[in-house]
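Data first, discussion second: the structure below is written as C-alpha cells.
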Amino acid sequence: MSKYTEDDLREELKTKEYEYGFYTDIESETFPNGLNEDIVRAISKKKEEPEWMTEWRLKAFKVWKEMTEPEWANVHYEKPDFQAISYYSAPNSKPKYDSIDEVDPELLATFEKLGISLDEQKKLAGVAMDVVVDSVSVATTFKKTLAEKGIIFMSISEAIQEHPELVKKYIGTVVPQKDNFYAALNSAVFSDGSFCYIPKGVRCPMELSTYFRINQAGTGQFERTLVIADKGSYVSYLEGCTAPSRDENQLHAAVVELIALDDAEIKYSTVQNWFPGNAEGKGGVYNFVTKRGLCENNAKISWTQVETGSAVTWKYPSCVLKGDNSVGEFYSIAVTNNYQQADTGTKMIHLGKNTKSTIISKGISAGKSQNSYRGLVQISSRADNARNFSQCDSLLMGNECGAHTFPYIEAKNKSAQIEHEATTSKIGEDQIFYCNQRGIDTEKAIALIVNGFSKEVLNKLPMEFAVEAQKLLEISLEGSVG
Amino acid sequence: MELKEKLVSSFMAFENMVDIDSPVHDIRTEAIKNFEIEGFPTKRQEAWKYTSLNSVLKHDYSVFPKHENALEYKDVKKYFIHEIDCYKIIFIDGKYSSHLSQTTHDGIDVCLMSAALSKPKYRLVIENYFNKIASKDGLSSLNTAFSAEGAYIHIPKNKLVEKPIQIIHFSTGNEAALMLQPRNLIVVDENSHVQIIERHQSLTDNPVLTNSVTEIFTNKRAIVDYYKIQNDKKSASLIDNTFVNQKQESLAKVHTFSFGGKLIRNNLNFYQNGERIDSTMKGITIIGNKQHVDHNTLVHHIEPNCESHQDYKGIFNDNATGVFNGKVIVEKEAQKTNAFQANNNILISDKASINTKPQLEIFADDVKCSHGCTIGQLDESAMFYLRSRGIPEKEARALLMFAFSNNVLDSVKIPAIKNRITKIIANKLGVSIGFDL
C-alpha cells in the first residue's frame, strides 16, 4: 500500500497546472518559471525562428523529458530544480550602475590586477557608457575585414534567420539533441550564442575573441555556439573572459559544436571565470557544458581551456577524429580553490587512419576543493596508426583538497600507440625556500611555480590572453598559501 | 531457472549441510540476503563497464557436486609445482582431497576452512578475521553465504615457513557444469613469512565457474608472497576476489599470471592500516582466442609513509579482450605516500582490444603518485636487429615479449615458479627457448 505523500501532492499540482495550460505572454521580457512545450514554442516564437527550428527544439525537449541527470561525475551539489528556472529573459539593456564609483570595489581591484582598460572595465561591470568612439570604430573595422573575406560571424539567432541552410545542415551534427541531459536541455531552450563560418581556403585574419569581447557582453544562460571551418580554412576563436563574471544565473548549460572540414583548422580557447561562490562555498555557478568538435580529413581541432571559476564544472571538450590524418589537441588548466569542484577532461575518438591526439591537463587544487580529470581515448578498429599522448599532472596545495584522475583508454586496433602518464605532487618546500632566499615572497613564489607548472598550456593561448590568464591563476590561488 | 534464483533457493539445502548454530552462520544468512538484493554485477555498474558476466552465467551450474571424486597424482602431477617440496591443500570439485594434500599443524596451521569453522580451537581466529575485510558486493556476498570449504592458513608469530604452500582446485568434469565457491583465510602474525601458490584447474571441457574469496591479513612486519597461476581450460571462468589487510611495516606481494580460461576477473584489494607498509601487485596476461581477462585493483592508502607498486603487462592476440582498472586512493592522513602504477599493453591482432583505466583519487598533498599506461606494438627496429642476426621472426617476437614481461618475472622469488611461468609463456607463444629467465 502506498500512502499519499507530500511528494504525490506536489506531483499532482504540477501536472494540474499543465492540464489547464497556461498563457505565455511572449511580449514580456521574462518568461514564467518552469519548462514545458509551450515555453519551448514561445522561445522559438520570440526569436522568430522558422518552423524547422521549432520542431528541432521540441524534439530535443521530448528527449530531455525522458532523461535523468547524470550522476557519474565526481561532483556533489544540490540538484537544480528545472521547473524553478525561467528559460528566457531578454538581454537587459539597462545599465546596472550609473557610474563606475558604484561598482563593487573588490571587483574593480580584480580588474586592476588583470590589467583591463577602464572602458572595458565599465562594459564588463555593466556601467553605463558614453559611446566609446574607439571600440565602436574598432568593431566596425573588424566587421568590414571579416565581411571582405566572406567570414560569417554573428549571433546564432541571426544566423538562423540569415543563413538557415548552414545552420540546418550542421546544428546537432556533432552534439545531437539526445547526446546527454544538459545538451538536450540546451537544444530545447538555447537563448542565443555565436555562429561562425569560415569559407573555403580562408584564413581568419584575427582572433575572433577581440570582436567578441567588445560586442557581446552578456552571454546568457543556455549558450549555443556553432563554428564551421570549411575546407582549408583556419580560425582561432576565444570564448569567455578573464574578468570575473558576477552572473545571477546559477545553472549554465552551454553547447559548443565545431566542424572542421577537410584540411581546416580550428583553435578554440576558453577562459572561464564564472562566480565560484564565496569562501564558504555558498552560491556560485553550475557550469555544465558539452563541447565537441568533428575533424574531417587532415583537419585539426585544438581546445585550450583555463578553468578558474564556477562552483561546479562539468565539461569535456572532445574531438571526433573522423577523417584520416586528423589531429585533436586538448590543453587544459583547471584551478579549484575553496569549495569549488571541477570534473573536466576530454574525449578523443579516433575513427580515421593516422589520427593523432594530444592531451595535456594540469589540475591545481587548493583550499577544500576537488579537482578531477576524466578523459577517454578511444581507438576504433579501423583507426590504423592512431597515436595518442596524454599527460595529466595535478598539484595539491594543502591537505584538505583532492585531485583525482579517471582516464579511460579503449584500444581496438593493434597499430595504435597510446601513452598516458599522470603525476600528483605538491609544491616543494625547497622550491619555495629557493625563491624566498632570493627575496621573492611566498605568495609570489607560488605564483611563479604554478606558472611554470601550467606553462605548457598557457603557451597555447593567444598571446594577449596568456598574459591575463597568468594573472588570473595568481588571483584564483590568492590566500591559498598554507 | 536463473542462476541467481537457483543459488538463493539452494541456500536452504546448504543449511542442512552446515552447522547453523555457529556464529558464522549468521554472517552467511546476512550475506545471502545481501546477494538477493545486489545480485550479479551488470555492465551498468562502473566497475563492470567492460566485463559482462552474461556468457558465463547462462549455464545451468550444479551448486553442490553429487559425487566424491578421486584423482591419481600421476594424472595431475603436471599441474603441481612438483619440483620443490610444498605443503599442499588440494580440492577436487570443491571437496578436500586428503590423498593429494599435505597439510600440517606443526607450529603453523595449514589446513581446511571446514575444520577451522567447526573446531573450537580456531574459534578466536575465525571471530577476529573471518569476513572482516571481504566487501559487501554481490559476488563476495554470494561466496560468504556459501562459505564452507577452502584453505585455512594461520602462521603464528616469528615463523618463517620453509616450504611454499600450494592451493589447487581441480574440477573433474563429472558434472555437466559446476560452480565452485572456495573461501580462503590467511592470517600471518608478526614477523612471519609465508609463500603461497594458488591455481584453479579444470580437467575437461565442461564449463566451470569459480567465485573465490580470499582474505589475507598481514600483521606487523609480516611478509606474504602470493602467486596466482591462471592457466585454465577455455571453458573455465574465474572470479577471484582477494582482500589484503595490512598492518604496519608488513609487505604483501601478489603476482597474477593469466594465460588461460574463458573469462577471468581479478578483484584485488589492498587496505593499508598502518605505517610504512609496502604493497606490490604485478601481473602478466597473455591471452588469445576469445578470452577475457579483467584486472580490477584497489590500493587504499589510509596511513602515512606507505608504498604501493603496481605493474601489469598484457599481450592480447586474436579476439581477446583485456581490461585493467587500477584505483589508488590516498586518504588525507596518508602523507608521504608513494604510489606507483604502470600498465603496459601490446595488441597483436586487429580484433583484440584493451580497455584500461588507471584511476587516482588523492586527498593528501605531500605524496608521490604516478601512473603510466601504454598501448603499443613491438619495436620494429628491435625486431629487425634480432632478425638480421639470424633469429627467426617467431622467436624474435617471443624474445621481445619475454623482455616486455621480464620485470614482472624478475620479482618472482621462487625459481621453480619462474621456470614454470617461462615455460607456459613459451608454450603460449609457440616457441621453445633454451634459456632460463
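If you take the residues of the range A:350-364 that are of a type in the set (Val, Ile, Thr) and buried (at least 24 other Cβ atoms within 10 Å of the Cβ), which of them is farthest from the other protein chains (Cβ to nearest Cβ)?
The qualifying residue farthest from the other protein chains (Cβ to nearest Cβ) is A:Thr355.
Looking at the range A:365-398, which of its residues are surrounded by 24 or more Cβ atoms within 10 Å (Cβ to Cβ), of a type in the set (A, V, I, L, M) and within 21 Å of A:Asn278 (Cα to Cα)?
A:Ala366, A:Leu396
Tell me, please, whether a residue that is farther than 30 Å from B:Ser237 by Cβ and either outside the structural domain of B:Leu399 (by TED's automatic domain parsing) or among the charged types (D, E, K, R) (or both) can be found in the range B:308-328.
No; the residues of the range B:308-328 include none that is farther than 30 Å from B:Ser237 by Cβ and either outside the structural domain of B:Leu399 (by TED's automatic domain parsing) or among the charged types (D, E, K, R) (or both).
Can you pull out every residue in the range B:172-204 that is among the hydroxyl-bearing types (Ser, Thr, Tyr) and touching a Phe, Trp or Tyr at 6+ places or on another chain (Cβ under 9 Å)?
Residue satisfying the conditions is B:Ser202 alone.
Take the range B:57-67 and flag every residue that is out of contact with any strand residue (DSSP E or B) (no Cβ under 6 Å at 6 or more places or on another chain) and in a loop (DSSP other than H, G, I, E, B).
Across the range B:57-67, the qualifying residues are B:Lys58, B:His59, B:Asp60, B:Phe64, B:Pro65, B:Lys66, B:His67.
Of these, B:Lys351, B:Lys357, which one is surrounded by fewer than 18 Cβ atoms within 10 Å (Cβ to Cβ) and charged (D, E, K, R)?
Testing whether each residue is surrounded by fewer than 18 Cβ atoms within 10 Å (Cβ to Cβ) and charged (D, E, K, R) leaves just B:Lys351.
Take the range A:401-442 and flag every residue that is more than 7 Å from chain B (Cβ to nearest Cβ), at pLDDT below 90 and assigned to a loop (DSSP other than H, G, I, E, B).
If the condition is that a residue be more than 7 Å from chain B (Cβ to nearest Cβ), at pLDDT below 90 and assigned to a loop (DSSP other than H, G, I, E, B), then A:Cys401, A:Ile427, A:Gly428, A:Asp441 are the ones that fit.
Give B:Ser171, B:Ser135 a once-over and let me know the one that is within 18 Å of the chain's Cα centre (by Cα) and surrounded by fewer than 19 Cβ atoms within 10 Å (Cβ to Cβ).
Result: B:Ser135 is the single residue among B:Ser171, B:Ser135 that is within 18 Å of the chain's Cα centre (by Cα) and surrounded by fewer than 19 Cβ atoms within 10 Å (Cβ to Cβ).
For the range B:121-140, how many residues meet the condition of being touching a helix residue (DSSP H, G or I) at 6+ places or on another chain (Cβ under 9 Å), farther than 24 Å from B:Asp232 by Cβ and assigned to a helix (DSSP H, G or I)?
So the count comes out to 5.
Considering the range B:349-385 alone, what residues qualify as being within 30 Å of A:Ser369 (Cβ to Cβ) and β-branched (Val, Ile, Thr)?
If the condition is that a residue be within 30 Å of A:Ser369 (Cβ to Cβ) and β-branched (Val, Ile, Thr), then B:Thr356, B:Ile362, B:Val367 are the ones that fit.
Do you know which residues across the range A:332-372 are basic (Lys, Arg) and assigned to a loop (DSSP other than H, G, I, E, B)?
If the condition is that a residue be basic (Lys, Arg) and assigned to a loop (DSSP other than H, G, I, E, B), then A:Lys353, A:Lys368 are the ones that fit.
If you go through the range B:105-120, how many residues are more than 19 Å from B:Phe91 (Cβ to Cβ), among the acidic types (Asp, Glu) and not in a loop (DSSP other than H, G, I, E, B)?
Qualifying residue count, the range B:105-120: 0.
Return a yes/no flag: does the range A:402-423 have any residue that is touching a helix residue (DSSP H, G or I) at 6+ places or on another chain (Cβ under 9 Å), of a type in the set (Ser, Thr, Tyr) and over 30 Å from A:Lys353 (Cβ atoms).
For the range A:402-423, residues touching a helix residue (DSSP H, G or I) at 6+ places or on another chain (Cβ under 9 Å), of a type in the set (Ser, Thr, Tyr) and over 30 Å from A:Lys353 (Cβ atoms): absent.
Kindly indicate which of B:Tyr87, B:Tyr79, B:Tyr129, B:Tyr122 is among the hydroxyl-bearing types (Ser, Thr, Tyr) and touching a Leu at 6+ places or on another chain (Cβ under 7 Å).
Criteria check complete, one pass: B:Tyr129.
Of everything in the range A:144-158, what is touching a Leu at 6+ places or on another chain (Cβ under 7 Å) and either over 21 Å from A:Met206 (Cβ atoms) or assigned to a helix (DSSP H, G or I) (or both)? Give them in sequence order.
Hit for the range A:144-158 is A:Ile156, nothing else.
Step by step: first the residues of the range B:1-49, then only those that are without any contact (Cβ under 8 Å) to a residue 40 or more places away in the chain and touching a Ser or Thr at 6+ places or on another chain (Cβ under 7 Å), then the one that is surrounded by the fewest Cβ atoms within 10 Å (Cβ to Cβ). Which residue is that?
B:Lys43
For the range B:378-395, give me each residue that is of a type in the set (A, V, I, L, M) and farther than 14 Å from B:Ile346 by Cβ.
The answer is B:Leu386, B:Ile391.
Is it true that some residue in the range A:384-396 is part of a loop (DSSP other than H, G, I, E, B), facing another protein chain (nearest Cβ under 7 Å) and without any contact (Cβ under 8 Å) to a residue 40 or more places away in the chain?
The answer is no; no qualifying residue exists.
Which pairs have Cβ atoms under 8 Å, sit 6 or more apart or on different chains, and link a residue in the range B:108-127 that is surrounded by fewer than 16 Cβ atoms within 10 Å (Cβ to Cβ) to one that is of a type outside the set (A, V, I, L, M, F, W, C)?
B:Glu127/B:Pro23
For the range B:155-269, which strands (runs of 3 or more DSSP E) that fit wholly inside it have 1 or more residues that are aromatic (Phe, Trp, Tyr) and either in the same structural domain as B:Val328 (by TED's automatic domain parsing) or modelled with pLDDT under 95 (or both)?
B:165-171, B:208-218, B:223-230, B:236-246, B:251-258
The values are calculated or read from the model by the stated rules, or taken from the named source; none is laboratory data. In this text, all values refer to a predicted model and were calculated from it rather than measured experimentally. Ideal geometry is used to build each Cβ from the backbone, glycine not excepted, and the neighbour counts take in all protein chains shown.
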